[in-house]
Amino acid sequence: QVTLKESGPGMLQPSKTLSLTCSFSGFSLSTSGMVVSWIRQPSGKSLEWLAAIDWDGDKYYNPSLKSRLTVSKDTSNTQVFLKITSVDTADTATYYCARTDGTYYYFDYWGQGVMVTVSS
Amino acid sequence: DIVLTQSPALAVSLGQRATISCKTNQNVDYYGNSYMHWYQQKPGQQPKLLIYLASNLASGIPARFSGRGSGTDFTLTIDPVEADDTATYYCQQSRNLWTFGGGTKLELK
């Protein structure tokens, strides 16, 4: 059974760095072809893909946010991390991680999401 | 960037057919596959995969849902619509990185 769960600070101040963790089970990111992605959704708005990391450690970023994003994974291949620097109120959103099919790149399993509010 | 355009809302009657469209500004076909996928999202829940590669039903999704299209024009059809289908539906391309459409909110008349 594939499950993913996001965790984060809940609230942080503008200009700080947001750190998110995606913990997953039911698959390993060391398996050839595996990919995990980060996607966010401001309240009442659409989905925005942020970043992805694959089994081989290759990283992919949304070009419009690339300078602020860093995606990484742990050595046990059961967690993926996302850091967003210099946050502002526009980064307030629910953040999801999702397992990504490694051949056709659709998101087949999603976490429940974690809400992050940026406020002073 | 590949931009996906969806109509914001659609209202249909129970038991009728709902057709949701998604248009892209670039071709998302590659080697015989259309890299277009569809998701359903209900309030307070994460998105759920419905259709992948334009027309393939994801596991556990009822056959009332279907998808078709190629190139730059795609549709998701729900027939017949049930009350539980009220949700927002998103298209997503994976031909070049990943982008989503703005979503279509399906409501009942």
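The values are calculated or read from the model by the stated rules, or taken from the named source; none is laboratory data. Remember, predicted model here, so these are calculated numbers, not experimental data. Virtual Cβ from ideal backbone geometry, glycine too; neighbours counted across all protein chains shown.
See the values below:
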{"read-out": "Verdict on B:Phe100 being more than 12 Å from chain A (Cβ to nearest Cβ) and touching a residue at least 24 places away in the same chain (Cβ under 8 Å)", "value": "no"}
{"read-out": "Unique residue being part of a strand (DSSP E or B), buried (at least 17 other Cβ atoms within 10 Å of the Cβ) and of a type in the set (A, V, I, L, M) when the list is B:Ile20, B:Ile2", "value": "B:Ile20"}
{"read-out": "Region A:47-86: number of residues that are touching a helix residue (DSSP H, G or I) at 6+ places or on another chain (Cβ under 8 Å) and among the β-branched types (Val, Ile, Thr)", "value": "2"}
{"read-out": "Subset of region B:23-49 (residues that are among the small types (Gly, Ala, Ser) and surrounded by 12 or more Cβ atoms within 10 Å (Cβ to Cβ))", "value": "B:Ser34"}
{"read-out": "Spans of strands (runs of 3 or more DSSP E) in region A:35-75 with at least 1 residues within 9 Å of chain B (Cβ to nearest Cβ) and under 21 Å from B:Cys91 (Cα atoms)", "value": "A:35-41, A:48-54, A:59-61"}
{"read-out": "Residue check, B:Leu57 at pLDDT 95 or above, crowded, with 22+ Cβ neighbours inside 10 Å and under 22 Å from A:Trp110 (Cα atoms)", "value": "no"}
{"read-out": "Unique residue being surrounded by 12 or more Cβ atoms within 10 Å (Cβ to Cβ) and away from every other protein chain (no Cβ under 13 Å) when the list is A:Thr89, A:Thr21", "value": "A:Thr21"}
{"read-out": "Any hit, region A:99-111, residues being at positive phi, crowded, with 18+ Cβ neighbours inside 10 Å and facing chain B (nearest Cβ under 9 Å)", "value": "yes"}
{"read-out": "Complete set of residues in region B:1-22 that are closer than 25 Å to B:Ser59 by Cα, of a type outside the set (A, V, I, L, M) and more than 11 Å from the chain's Cα centre (by Cα)", "value": "B:Gly15, B:Gln16, B:Arg17"}
{"read-out": "Residues that are under 15 Å from A:Val35 (Cβ atoms) and out of contact with any Phe, Trp or Tyr (no Cβ under 9 Å at 6 or more places or on another chain), drawn from region A:82-111", "value": "A:Thr103"}
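Matching residues to (1) without any contact (Cβ under 8 Å) to a residue 40 or more places away in the chain; (2) within 10 Å of chain A (Cβ to nearest Cβ); (3) not charged (D, E, K, R):
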residue	(1), (2), (3)
B:Ile51	yes, yes, yes
B:Ser59	yes, yes, yes
B:Pro62	yes, no, yes
B:Gly71	no, no, yes
B:Thr77	no, no, yes
B:Ala83	no, no, yes
B:Ala87	no, no, yes
B:Lys105	no, no, no
B:Lys109	no, no, no
